Amino acid sequence: MAELELLDVTVRHRSVTAIEHASLQGRRGEILGFIGADGAGKSSLMHAVAGVSRFEGEISFEGHRFRSPAEAEPLKSFIGLMPQGIGLVLYRNLTVAEHLSFFAKIRNIPEDESYLQYRDRLLHMAGLDRFTDRQAGKLSGGMMQKLSLICTLLHRPKLLILDEPTTGVDPLSRLELWQILDEIRKSEGTIALVSTAYMEEAAKMDRVYLFDGGRIIASGTAERLIKSVEEYTYVPTPCRNRRCIETGHYTYSLDPLDAPRKRPTLEALFFVNALQRGTIPPAIEVSPRESDEPIPPVVMEAKGLTKRFGSFVADDHIDMELRSGEILGLLGANGAGKTTFIKMLLGLYPIDEGELSLLGKAIRSAKDRRSLKARIGYVSQHFSLYKDMTVRENLLYFASMHRLDAQRALRRIERYADELGFRGYMDALPTELPLGINQRFSVAAALLHEPVVLFLDEPTSGVDAIARSQFWQMLRLLKERWGIAILITTHYMGEAEFCDRIVLLKQGRKIADDRVENLYTIHPDAESFEEIFLRYYEENR
């Protein structure tokens, strides 16, 4: 018998239907995975199950049926909800210990011996037992998410609802989060609903539900779902019609191809579903640069670059080179020093030690940087857009910041809107856009002045498989047609394979710097780049 059952659940936000006619079942100790594009209805369904959103239909948990948040009230003490967003439930100025005490109080948990033992066990599993006096605002993203999770687990919920808990979290912290979740579901018999953008995580779940356009369109074990799309999955081969799409490592087609089939991953579900529904977005295009300004072979060279915050060394004597026509992936755990390094390159943080050369010019002062700003593009982790301005207004504003004349700015904006696929959103606000569209529009803003080097800080975090595929098509075209240098940070280890070279940081130190194919040669038995990443971290303790 199912302990959790959803029957024909529909959630509407005013005139918009977020999810309709959703039904599923869950049993004690099961992890149910939700996958799908941004805005497909995953969060809306989770909030209905948590009893915090109005819905139509019926939900049953532990024999108690409810049809509204009011009717769900008696069950709230058995439910744990962790909303989407790093550290969203935390308070920056409270320490780890203060958070646990605070959540225990609001949950009316008696702080007896049983509670203290359970709390200490959670702290140990999360690796936070040595950081109980550290404020949340000074934790890495991965540590914040682990603290958020154990705060959600303090009252021993029987139903745990986690909305993309690992988005923006490095592979090592994701592994640790999953170890906590797996231990809890086994020892406590907890049912967990988990949405994720990482398909390797979804493959670990007991059942997976694929959301699209406000409906659950497929469900089953990961193995069964993968098997359902095997006949459409091939080794890379040129596409000849709209019933076919190429990605980095796969070709998907609804027509038989004269190419061997390839064992797919769960990401194949996104592409095959889009082909079957005829919703594959237009291919990305990138026209040649208007400028004929030459690009130097070495765009950036750092020697011994160091950044300290008090006694804490964020980046420790890092040497790095970035060449034109190259995509360099800067990888590492949360807090490894990636964003700090980029901010030193941009002049947002002063360099405490070392030498930096950009575009062949030694950087020694703010004046040196000012002359280079027109040649650098930057997309930050959280897309620095003005939320009360439309896409068109944002782009015109950024064009004026780079002192582009109006005619040239309008011409480039119109071209990018068509080539990068956001023409239909020009009069929308950033908050109204799907995440993948926001991402491409943010890159367009960074490209308006035709930079020769582009810095991208986790631009694909939380973006679905199709949008990420299009994003990497865009980067490849920029590299090939513009010849620019691109430095990108990412926590999707599959994306590392699209880079020409990888630099791996750990605790502010560089522990690897090589071409992707060479790293696979060094580790010939590695089945994925995530495995290589974890090995380097284990070897460099």
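Every number in this text was worked out from the coordinates using simple rules, so none of it is lab data. Since the structure is predicted, the reported quantities are computational estimates derived from the model, not experimental observations. We place every Cβ from the backbone using ideal geometry, glycine too, and count neighbours over all the protein chains shown.
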Item to complete: Calculate, for D120 and D258, the FRET efficiency according to 1/(1 + (r/R0)^6) with r their C-beta to C-beta distance and R0 45 Å; round to the nearest 0.05.
Response: 0.15
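Go ahead and run the numbers for FRET between E188 and D352, Cβ-Cβ distance against an R0 of 41 Å, rounding to 0.05. Don't skip to the end; give the middle numbers.
Numbers: r = 47 Å, r/R0 = 1.14.
Calculated transfer efficiency: 0.30.
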Fill in: Folded to 0 to 90 degrees: helix 435-447 orientation relative to the chain principal axis, Cα
20 degrees
Worksheet item: At what distance in angstrom do the alpha carbon centres of the range 292-341 and the range 44-58 lie from each other?
Response: 45 Å
Worksheet item: Under a straight-distance cross-link criterion of Cα-Cα below 14 Å, which aspartates and glutamates are reachable from K307, leaving out those fewer than 8 residues away in the same chain?
Response: D315, D316, D319, D352, E353, E355
Practice prompt. Taking Cβ-Cβ under 4.7 Å as the only way to count a partner, pick out the unpartnered cysteines of the chain.
Written response: C151, C499
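Tell me the volume per residue, in Å³, of the convex hull enclosing the alpha carbons of the chain.
Numbers: hull volume 88.9 nm³, N = 541.
Normalising the Cα hull of the chain by residue number yields 164 Å³.
In what sequence do S365, S15, S101, S53 fall when counting other Cβ within 10 Å, fewest first?
Working: S365 9, S15 5, S101 15, S53 19.
Ascending Cβ contact count within 10 Å gives the list S15, S365, S101, S53.
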Worksheet, complete the sentence: About its Cα centre, the chain carries a charge dipole, from +1 on Lys and Arg Cβ atoms and -1 on Asp and Glu Cβ atoms, whose size in debye to the nearest 20 is 1080 debye
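With loop defined by DSSP as not H, G, I, E or B, and exposure as at most 13 other Cβ atoms within 10 Å, which is the longest segment of the chain clear of exposed GluC sites (Glu not before Pro)? Each step should come with its number before you reach the end.
Working: sites that count: E62, E111, E290, E527.
For GluC sites (Glu not before Pro) (loop position, at most 13 other Cβ atoms within 10 Å), the longest site-free span of the chain is 291-526.
For the range 31-84, state which trypsin sites (Lys or Arg not before Pro) are in a DSSP loop and have at most 10 other beta carbons lying within 10 Å of their beta carbon. Walk me through the numbers before you get to the answer.
On the way: sites: K42, R54, R65, R67, K76; in loops: R54, R67.
Answer in residue order: no site qualifies.
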Worksheet item: What ³J(HN,Hα) values, in whole Hz, does the Karplus curve 6.51 cos²θ - 1.76 cosθ + 1.60 give for the range 224-240 when θ = phi - 60°, with x put for Gly and Pro?
Response: 5, 5, 4, 4, 5, 10, 4, 5, 9, 10, 10, 5, x, 8, x, 7, 10
Worksheet item: How much net charge surrounds D464 when only other residues with a Cβ under 12 Å from its Cβ are counted (Lys, Arg +1; Asp, Glu -1)?
Response: -2
Item to complete: Whole Å is fine, so just give me how far the alpha carbon centre of the range 149-215 lies from that of the range 390-437.
Response: 37 Å
Practice prompt. Convert each backbone phi in the range 160-174 into a coupling constant with the Karplus relation 6.51 cos²θ - 1.76 cosθ + 1.60 (shift: θ = phi - 60°), then list the ³J(HN,Hα) values in order as whole Hz, x for Gly and Pro.
Written response: 10, 10, 10, 9, 6, x, 10, 5, x, 10, 5, x, 5, 5, 4
Discussion item. If amide hydrogens are placed 1.01 Å from N in the peptide plane, which non-local residues have theirs closer than 5 Å to the one on K506?
Written reply: I511
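Taking the Cβ of each residue in S44, S291 as the centre, tally the other Cβ atoms inside 10 Å and list the residues starting with the fewest.
Working: S44 24, S291 13.
Neighbour counts put them in this order, fewest first: S291, S44.
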Worksheet, complete the sentence: The size of the Cβ-based charge dipole (Lys, Arg +1; Asp, Glu -1) of the range 207-265 about the Cα centre, to the nearest 20 debye, is 120 debye
Fill in: Distance from the range 347-388 to the range 245-273 (C-alpha centre basis), Å
40 Å
